[in-house]
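The next block holds one structure in the form of structure tokens; read it before the comments.
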Amino acid sequence: MIPNEETSGRKKEIEGKLKQEEEMLTFIKESLDKSDQLTNNMVSILSSFESRLMKLENSIIPVHKQTETLQRLQENVERTLSCLDHVISYYHVATETERVIREGPSGRLEEYLSCIAKIQKAVEYFQDNNPDSPELNTVKSLFERGKESLDAEFRNLLQRHSKPVPPILILDLIGTDEEIEGQEEGILEHLPEGILQDIIRISQWLIEYGRNQDFMNVYYQIRSSQLDRSIKGLKEHFRKNSATPGVPYSPIVPNKKKDTPTKKPAKRPGHEQDSRSRHHGETMGEKHGTPLGKEDVLDFEIDTYMYCISAFVRLAQSEYQLLMDIIPEHHQKKTFDSLIQETLDNLMLEGENIVLAAKKANSRHDFTSVLSIFPILRHLKLLKPEFDKVLQGTAASTKNKLPNLINSIETTGAKALEDFADSIKNDPDKENSMSKDGTVHELTSNAILFLQQLLEFQETAGAMLASQESSSTASSYSTEFSRRLLSTYICKVLGNLQLKLLSKSKMYEDLALGAIFLHNNYNYILKSLEKSELMQLVSVTQKNPDSLYQEHIEQQIQTYQRSWLKVIDYVSDKNMPALQGAKLKDKERQIIKERFKGFNEGLEEICKIQKSWAIPDKRQRERIRQAQKTIVQEVYGAFLHKYGTGVSFTKNPDKYIKYSVEHVGDMIERLFDTSA
């Protein structure tokens with residue numbers, strides 16, 4: 001029973017599931033039928049839409065093509081109208097720009113250049129499209145007139161605004177050196193900034209469109225004139241201030257200076273020993289308010305010339321900076337060369353005139369005046385590197401002007417040095433040129449003064465002598481080589497002087513006076529050498545020159561002392577009879593009387609003569625007096641003791657014994673002293 005019930009239950013369950021599956025299948029079938037129906041409906045709709053779209057497309061495409069054609073036609077019409085307007089505008093250019101061109105570019109350069117550009121385009125159009133049209137000639141004429149106006153404006157702007165640089169600014173520019181660390185180098189504003197920009201703009205247009213280079217000639221002519229006027233203004237400034245007390249050249253910038261070979265040193269630009277002054281007024285200010293003598297005038301001219309040379313270099317540098325903005329690069333060097341030519345030629349001519357004056361001074365043996373070229377030469381050589389740098393790229397003839405002047409000065413100076421040495425050797429021995437007191441000869445003092453002045457230009461003088469050497473060593477001479485040459489030269493001068501002094505000393509009839517003369521001159525030379533660098537220079541090529549001169553001095557002192565031998569001989573024991581007892585023979589008494597008498601007369605005479613002689617060196621004078629005093633007093637004292645007081649040779653001793661030993665010493669103390 002129980003199994004049947006389970007079977008029946010399962011059967012029912014299976015039947016229930018089968019029924020559900022049938023129902024599901026029925027639902028699916030119905031759904032598929034509905035889907036098919038929907039699909040058929042959609043296909044029907046799409047087919048209808050496609051048919052309609054094809055009809056629409058067939059209607060719109062022809063319309064679209066017509067529209068494109070119409071748009072193209074419209075664009076062509078517009079383009080054609082624009083071209084017509086453009087072409088027509090060329091025919092109106094002359095009318096539109098004529099007034100501006102006629103009135104010129106002054107004050108409205110950009111507007112003017114814009115008009116010129118329109119005219120230029122019109123010229124190009126008519127040349128390309130209608131070369132026979134009268135309009136071409138009209139715009140061509142207008143273009144040429146416009147170009148001429150720009151040329152004229154360039155000239156006018158440059159002329160109106162180019163001014164000489166004031167002397168004070170030039171001196172400040174020269175004075176800017178390494179001593180003022182951190183200070184900007186002096187920069188000159190030759191033209192106002194706005195004017196400069198207009199000039200640059202015009203020059204660019206003339207080069208690019210005007211096909212015109214004439215403005216470059218205008219430029220260098222105007223700027224050359226201003227450069228020349230600036231240098232002349234500086235000269236005039238010096239001329240005015242040379243007689244105006246207390247007027248400084250520049251209140252701002254210190255300057256490089258160096259003493260000159262004159263009694264009153266003057267400061268100059270450029271130096272070998274780096275001596276500096278803090279005020280331009282010191283340049284020639286020492287002379288302010290006093291009449292200028294011959295040396296001062298020469299000094300003034302030298303100072304002025306050296307300042308002008310320095311000014312030229314600085315101004316030329318400044319001119320080149322200005323020119324670089326205005327003149328095309330490939331024309332700059334040539335234009336600059338032309339610009340500086342007149343001023344440079346004037347300065348070189350002035351330099352040659354100074355050389356000529358030095359040659360004339362040399363021919364009349366005015367060697368102090370010849371020394372004027374030494375500071376100039378030194379200054380030019382110091383300035384030459386800057387000079388060469390400024391003139392880099394100019395013509396060879398321009399670059400060689402300064403070296404040629406330097407060579408001319410070196411040749412003239414070297415000849416003057418040789419002529420000076422020869423003039424000492426050939427100085428005539430004239431009796432009226434000899435001092436009666438045997439003091440230092442003018443030839444000696446002049447020679448030493450010349451050599452001392454030469455010390456201020458040691459390097460210059462040495463290089464000057466080296467420049468005349470033909471040896472291979474001289475071609476690349478060193479400072480040491482030139483120093484040896486200068487030393488040799490100084491030794492030659494001193495040697496010639498010594499020989500000439502010996503010759504002149506023989507003009508004195510009194511050998512003792514000749515010895516005093518040589519002593520004074522040798523002593524003067526020695527002291528002068530010791531007080532300056534001359535001794536160091538002489539020592540370069542001559543060993544122990546001080547000992548040599550000291551030896552000469554001692555020889556002359558000994559020669560002088562021999563002048564007393566005749567006087568001393570009277571009171572010496574030489575040839576005196578041997579005394580036998582207290583009582584003298586008549587002959588012995590007579591000999592003693594003659595000896596005292598001869599001594600007295602000789603002493604009086606020699607003191608009278610030598611009293612008027614001179615030994616300027618106080619130390620030497622005292623030394624010679626004391627040495628002679630000691631010798632004479634010793635001999636005379638011994639003689640007096642032996643024959644004056646030791647024996648009775650006369651009843652009137654005062655007649656023969658006129659002087660005590662002390663008195664004799666006092667008389668010798670008054671030698672070489674006219675006031676005693």
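Results, tabulated for the structure shown:
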{"quantity": "Pick from the range 572-593, criterion in a helix (DSSP H, G or I) and free of Cβ contacts under 8 Å to residues at least 40 places away in the same chain, ranking: nearest to Tyr524 (Cα to Cα)", "calculated": "Ile591"}
{"quantity": "Per-region count, the range 121-130, residues open to solvent by 40 Å² or more (accessible area, probe 1.4 Å), of a type outside the set (D, E, K, R) and in a helix (DSSP H, G or I)", "calculated": "3"}
{"quantity": "Top-ranked residue in the range 131-156 [being within 25 Å of Ile195 (Cβ to Cβ) and open to solvent by 50 Å² or more (accessible area, probe 1.4 Å); ranked as farthest from the chain's Cα centre (by Cα)]", "calculated": "Arg145"}
{"quantity": "All positions within the range 188-202 that are at pLDDT 90 or above and either more than 19 Å from Leu227 (Cβ to Cβ) or among the acidic types (Asp, Glu) (or both)", "calculated": "Glu193, Gly194, Gln197, Asp198, Ile200, Arg201, Ile202"}
{"quantity": "Tally, over the range 599-624, of residues that are over 60 Å from the mean Cα position of the chain (by Cα) and open to solvent by 30 Å² or more (accessible area, probe 1.4 Å)", "calculated": "4"}
{"quantity": "Counted residues, the range 342-353 - those being surrounded by 19 or more Cβ atoms within 10 Å (Cβ to Cβ) and within 15 Å of Arg223 (Cβ to Cβ)", "calculated": "2"}
{"quantity": "Residue that is farthest from Asn426 (Cα to Cα) [pool: residues in the range 355-383 that are open to solvent by less than 60 Å² (accessible area, probe 1.4 Å) and within 14 Å of the chain's Cα centre (by Cα)]", "calculated": "Leu383"}
{"quantity": "Failed item, numbered, when Ile668 is tested on (1) over 23 Å from Asn520 (Cα atoms); (2) modelled with pLDDT of 90 or more; (3) not acidic (Asp, Glu)", "calculated": "(1)"}
{"quantity": "Breaking point among (1) open to solvent by 70 Å² or more (accessible area, probe 1.4 Å); (2) more than 30 Å from Ser487 (Cβ to Cβ); (3) touching a helix residue (DSSP H, G or I) at 6+ places or on another chain (Cβ under 9 Å), for Gln555", "calculated": "(2)"}
{"quantity": "Matching entry among Ser242, Ser275 (being of a type in the set (Ser, Thr, Tyr) and either modelled with pLDDT of 95 or more or closer than 26 Å to Lys381 by Cα (or both))", "calculated": "Ser275"}
{"quantity": "Meets criteria (hydrophobic (A, V, I, L, M, F, W, C) and free of Cβ contacts under 8 Å to residues at least 40 places away in the same chain) for Leu499", "calculated": "no"}
{"quantity": "Any hit, the range 63-71, residues being among the polar types (S, T, N, Q), at pLDDT 80 or above and assigned to a helix (DSSP H, G or I)", "calculated": "no"}
{"quantity": "Test: residue in the range 68-88 that is of a type in the set (A, V, I, L, M, F, W, C) and open to solvent by less than 60 Å² (accessible area, probe 1.4 Å)", "calculated": "yes"}
{"quantity": "Test: residue in the range 423-438 that is buried (at least 18 other Cβ atoms within 10 Å of the Cβ) and within 24 Å of the chain's Cα centre (by Cα)", "calculated": "no"}
{"quantity": "Meets criteria (without any contact (Cβ under 8 Å) to a residue 60 or more places away in the chain, within 21 Å of Ile231 (Cβ to Cβ) and among the small types (Gly, Ala, Ser)) for Ser397", "calculated": "yes"}
{"quantity": "Identity of the residue in the range 625-676, farther than 19 Å from Met576 by Cα and hydroxyl-bearing (Ser, Thr, Tyr), that ends up surrounded by the most Cβ atoms within 10 Å (Cβ to Cβ)", "calculated": "Tyr659"}
{"quantity": "Matching entry among Asn212, Asn217 (being in contact with a helix residue (DSSP H, G or I) (Cβ under 6 Å, 6 or more places away or on another chain) and surrounded by fewer than 19 Cβ atoms within 10 Å (Cβ to Cβ))", "calculated": "Asn212"}
{"quantity": "Some residue of the range 558-571 being touching a residue at least 12 places away in the same chain (Cβ under 8 Å), over 28 Å from Arg623 (Cα atoms) and not in a helix (DSSP H, G or I)", "calculated": "no"}
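Residue-wise test of (1) over 22 Å from His441 (Cα atoms); (2) surrounded by fewer than 15 Cβ atoms within 10 Å (Cβ to Cβ).
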| site | (1), (2) |
| --- | --- |
| Leu511 | no, yes |
| Asn521 | no, no |
| Ser528 | no, no |
| Lys543 | yes, yes |
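The rows are residues; the columns are (1) at pLDDT 95 or above; (2) within 32 Å of the chain's Cα centre (by Cα); (3) hydrophobic (A, V, I, L, M, F, W, C); (4) in a helix (DSSP H, G or I).
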position: Leu173; (1), (2), (3), (4): no, yes, yes, yes
position: Asp177; (1), (2), (3), (4): no, yes, no, no
position: Gly182; (1), (2), (3), (4): no, yes, no, no
position: Gly186; (1), (2), (3), (4): no, yes, no, no
position: Leu206; (1), (2), (3), (4): no, no, yes, yes
position: Asn212; (1), (2), (3), (4): no, no, no, no
position: Phe215; (1), (2), (3), (4): no, no, yes, yes
position: Ser225; (1), (2), (3), (4): yes, yes, no, yes
position: Ile231; (1), (2), (3), (4): yes, yes, yes, yes
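Residues are listed down the side, and each one gets a yes or a no for (1) under 29 Å from Pro653 (Cα atoms); (2) open to solvent by 90 Å² or more (accessible area, probe 1.4 Å); (3) of a type outside the set (Ser, Thr, Tyr):
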site: Ser547; (1), (2), (3): no, no, no
site: Glu551; (1), (2), (3): no, yes, yes
site: Lys587; (1), (2), (3): yes, yes, yes
site: Arg595; (1), (2), (3): yes, no, yes
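The values are calculated or read from the model by the stated rules, or taken from the named source; none is laboratory data. Computed from a prediction, not measured in an experiment: that's the story for all the values here. So basically every Cβ, Gly included, is an ideal-geometry build from the backbone, and we count neighbours across all protein chains shown. When the accessible area is computed, the model is the full protein with side chains, heavy atoms only, and any ligands, DNA or RNA have been set aside. Shrake-Rupley method; radii C 1.70, N 1.55, O 1.52, S 1.80 Å.
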